[in-house]
Structure formats: C-alpha cells, structure tokens
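Below is one structure, written out as structure tokens; comments come after it.
The values are calculated or read from the model by the stated rules, or taken from the named source; none is laboratory data. Because the structure is a prediction, the values reported are computed rather than measured. Glycine also receives a Cβ, built like all others from the backbone with ideal geometry; neighbour counts cover every protein chain displayed.
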Amino acid sequence: MLRRLVVPALLSAGAAVIMSAAPASAAEAPGAGQVADALENNNVYVDPGVTTADFPEAERDVLSQAAAEASSPTYYVVLPTGTFNSESSVDSFISQVQDEVGEGTYATMAGSEAMVVTSSSLSDAEEEQVRDLAIQEGNGNLVDSLAAVPDVVEEQEAASSAAAIFGMVLLGLLALAVAGGGYFVYTARKKREAKRARELAEIKQMAAEDVTRLGEDIASLEIDLTKVDEPTRTDYTHAMDSYDQAKSQLDTIERAEEIQRVTNALEDGRYYMTATRARLNGDPVPERRAPCFFNPQHGPSQQDVMWAPPGGTSRSVPACAACSRAVLAGGDPDVRMVEVGGHRRPYYDAGPAYAPYAGGYFGMDMMMGMFTGMMMGSMMGSMMGAGMGDMGGDMGGDMGGDFGGDLGGGMDFGGFDF
C-alpha cells in the first residue's frame, strides 16, 4: 500500500518562486505508461513541459546519480505546476505508475502539490522520519533533499529491520540484532561522509590553485618597499596580508562551505595586487569592481557584458578586459574549469559544493543578480540553504517568502524557476 508524504512548509531556507512556464491543466498530465517507460530507462522522468533552461541537466544528473546509487529502487518524477490540482490526484497517478514499474520509493515534484514521497516499504510514522531527515540532509535545498531520500530510506529500512529483529529474537540475540542494524546505518552514513570528503578535497584543490596563482602574481611585482611611495606600500602590504590570510584559512577549513572565507580573502588580495601594479606602472588605480565572472583569477572586472551559457538565460556579468573582448566579439571567454566526478565543467555549473567558492568572490547581492536564471547546476539551491548563511541574510525572504508558505506560486529547483 502506498503511503503519501507531502513535505510541508518546513524548508525555511528555501524560497517560493513564481514559475515561468505557463500552468498546465489536469488534462495535460502525462500518461502513466509514458512515465513508467521513462523510469524503467533511467529512474528519472522530467515532463517535456519542463525545459533544460528551467531545470538544467546538472539538476537532472544529481537525481539520476542518487537513484543509481540507491540500495533499493528509487524513482523521480518532475512535472510542471498545475499538472494536478490535489494531493489525492498525485497519489492516484503515482499508484498507476507503480503498478507498471514495480515497488520502490517515488519522489514526485508536482507543481503546487510540492514534493510527494511514496514508499511501499515504510509506515506513516517511518515516512515522517524520512521527511525530517531528508530536509535536514538537504540543508534547505529542495534538490539536495530529493537526492537524500534514498539514503534516508535506507537508514529507515535498516532501523526498522533492526527493530523487527529485536522483537522476534531471543534476549540472547539482542546484541547481534542491534549490531546488525547499526552496521547498515553506519554504512549509509559513511557513504555520505565519503561524498562530503570528496567534495571538500575538490574545492580545496581549486582554491589552492587560486592561492598559488595570487602568490605568483604578487611575487612577480618584484617590489622594493624602500623605493615606493606610501600608497603603493600600503596596497602591496594589504595584498600580502590577504594572501597570507587566504593561505592560512585554506589549511584550516574542514567543510566545503567554509571555502568562502578563502575566496573572500583572495578577492581582496587580488584587487590590491592589481592596484599595486597600476601604481608601479604609473597607471590609474582601477575601480574596486567584482572579479571577472568567467575566471576570478583574472582579477577585478573592467565592465559588465551580456552573456548566456548554452541553453541558459542572458545575464549581465562582470568581465575582465580579455573576456569582455571575447564575449563582445562572439567568441568564448576563458572560463574557470573544475574537475567534478571525472569530468571538466565550468565552476559555476559544478554543483552545490562550489556555491560558497563563488560566494566568497562575489558576495550575496551580486550572486542573486548574476546567477539567478542561469544554467548553474544546483549552485543557487545551495546558496539558498543554510550552507551560505554566513554570507548574509535568508535568500528565502529576498525571493518572495518561505517556500512552504507560498507553494502555490511555484517550486524552487536549485535556484531555477519553472
């Protein structure tokens, strides 16, 4: 028997966003067979009405990977807002899909009906626990909460199995039953810990490259502090202090979101290094602008240009002189690439772990204006969660209220509207 769990207004770090796609009617719901065929291929169905601009491939990849790594069958269904007009219609539809696909866990995003999780192996009370833990694991980001569902279900099933054994076996087997249940929970947690450790290693490697690059650029100034004026000496000293701070912070961070402290110091140091060079060359000191969006290693930007990633929305972004020329000439700017899961991709499309990296360079206000609506993986979703809380403010309030309190207006999938 399917049991339904509708995530209520508990994602306090999320935000309700008005969907850009025109609302669909109930008659436009896909057929259960159509959805079942898609789920049997890759465990994820995204309605044709939801475009890649609204829900980027990177977001879909997160769900596909979560389903592929799940220990029990897990399926995701993403539908436009208005596809169903009641919770019971969503439940009935998923029941039909399950009849064709088979038992398992189904996580459905059905527009104004929010996130619906159904499972053929859990009781209502256990689904309550799944909801709470998935929200906690997602840190306020809805896509991360969806991706956490398989592991949370695995933990819940393991705990339930351990409890059942405890009630059935003799008192002498109690220790064995507890140990068995604890082992499954431990394994699931270790898997998540390994993922976090991998993300931390990748983000630290990227930041280490930035620190090294800044140190080399400062060293290339070959400045003699006894032969320069006070403003030049002050800017150079500030650049060195920021470099030392970034290097020291890099050695102490233990979580991926802490990397913003490193990149914030790098942004400060790179500006003052650029200002020092200008003073040494007798050039005007550059305006304090945001770093080049395409590659923060390029230093302060010189102007804003209109640019859109493939399949994304055009946005005004700050760019250095070289990247500005490339974009205005119709070419490709020199984008900062990173290694994610064995593949090279732009840092701004590399997933939630890189949101604090970008946030340290650009700050929350600019991140809102620059990244919203672009193809950014699930980066914006992470910034809207607790992981970016240190950068200032609750983005849920800035973007139009609490997710749960205004669910009828749309759903936030990693910061992209649809």
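Identify all residues within the range 307-359 that are hydroxyl-bearing (Ser, Thr, Tyr), more than 17 Å from the chain's Cα centre (by Cα) and part of a helix (DSSP H, G or I); write none if there are none. Break it down stepwise before answering.
Keep residues of the range 307-359 that are hydroxyl-bearing (Ser, Thr, Tyr), which gives 313-314, 316, 324, 347-348, 354, 357.
Subset that is more than 17 Å from the chain's Cα centre (by Cα): 313-314, 316, 324.
Residue satisfying the conditions is SER324 alone.
Take the conditions in a helix (DSSP H, G or I), among the basic types (Lys, Arg) and either over 25 Å from the mean Cα position of the chain (by Cα) or modelled with pLDDT of 90 or more (or both) and apply them to ARG198. Does it pass?
Working: in a helix (DSSP H, G or I): yes; among the basic types (Lys, Arg): yes; either over 25 Å from the mean Cα position of the chain (by Cα) or modelled with pLDDT of 90 or more (or both): no.
So ARG198 fails the test.
Out of the residues in the range 273-329 that are among the β-branched types (Val, Ile, Thr) and out of contact with any Phe, Trp or Tyr (no Cβ under 7 Å at 6 or more places or on another chain), state the one that is modelled with the lowest pLDDT.
Residues of the range 273-329 among the β-branched types (Val, Ile, Thr): 274, 276, 285, 305, 313, 317, 327.
Right, trim to out of contact with any Phe, Trp or Tyr (no Cβ under 7 Å at 6 or more places or on another chain) and you get 274, 285, 305, 313.
Values: THR274: 95, VAL285: 94, VAL305: 95, THR313: 83.
Looking at the filtered set, the residue picked out is THR313.
The rows are residues; the columns are (1) touching an Asp or Glu at 6+ places or on another chain (Cβ under 7 Å); (2) surrounded by fewer than 20 Cβ atoms within 10 Å (Cβ to Cβ).
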position	(1), (2)
GLU267	no, no
ALA278	no, yes
GLU287	no, yes
CYS292	no, no
ASN295	yes, no
SER301	no, no
ASP304	no, yes
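Please enumerate the residues belonging to the range 218-230 that are over 14 Å from ASN281 (Cβ atoms) and out of contact with any Gly (no Cβ under 8 Å at 6 or more places or on another chain).
Residues of the range 218-230 over 14 Å from ASN281 (Cβ atoms): 218-219, 224-227, 230.
Selection gives ALA219, ASP224, LEU225, THR226, LYS227, GLU230.
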(request) Scan the range 57-79 for residues that are buried (at least 24 other Cβ atoms within 10 Å of the Cβ) and farther than 25 Å from GLU157 by Cβ and jot them down. (result) GLU59, LEU79
(message) Here is a check on your reading of the model: is VAL143 in a helix (DSSP H, G or I), surrounded by 24 or more Cβ atoms within 10 Å (Cβ to Cβ) and modelled with pLDDT under 80?
(response) yes
(request) Would you mention how many residues in the range 49-81 are over 18 Å from THR187 (Cβ atoms) and of a type in the set (Ser, Thr, Tyr)? (result) 6
(request) Consider SER71 carefully, then state whether it is farther than 13 Å from PRO30 by Cβ, over 24 Å from the mean Cα position of the chain (by Cα) and among the polar types (S, T, N, Q). (result) no
(request) Using the structure shown, decide if SER95 is surrounded by fewer than 19 Cβ atoms within 10 Å (Cβ to Cβ), more than 19 Å from the chain's Cα centre (by Cα), assigned to a helix (DSSP H, G or I) and in contact (Cβ under 8 Å) with a residue 12 or more places away in the chain. (result) yes
(message) Can you tell me how many residues within the range 1-29 are modelled with pLDDT of 50 or more and either closer than 14 Å to TYR75 by Cβ or not in a loop (DSSP other than H, G, I, E, B) (or both)?
(response) 1
(request) Filter the range 223-259 down to residues that are touching a residue at least 12 places away in the same chain (Cβ under 8 Å) and of a type in the set (Lys, Arg) and give me whichever is nearest to MET273 (Cα to Cα). (result) LYS247
(message) Anything in the range 100-129 that is among the acidic types (Asp, Glu), modelled with pLDDT of 75 or more and either crowded, with 20+ Cβ neighbours inside 10 Å or not in a helix (DSSP H, G or I) (or both)? List them, or say none.
(response) GLU103
(message) Report every pair of residues separated by at least 6 positions or lying on different chains whose Cβ atoms are under 6 Å apart, first residue within the range 33-54 and within 17 Å of VAL97 (Cβ to Cβ), second among the hydroxyl-bearing types (Ser, Thr, Tyr) and surrounded by fewer than 17 Cβ atoms within 10 Å (Cβ to Cβ).
(response) ASN42/SER64; VAL44/SER64
(request) Find the residue count for the range 219-265, including only residues that are surrounded by 19 or more Cβ atoms within 10 Å (Cβ to Cβ), out of contact with any Phe, Trp or Tyr (no Cβ under 7 Å at 6 or more places or on another chain) and either over 24 Å from SER301 (Cα atoms) or among the acidic types (Asp, Glu) (or both). (result) 5
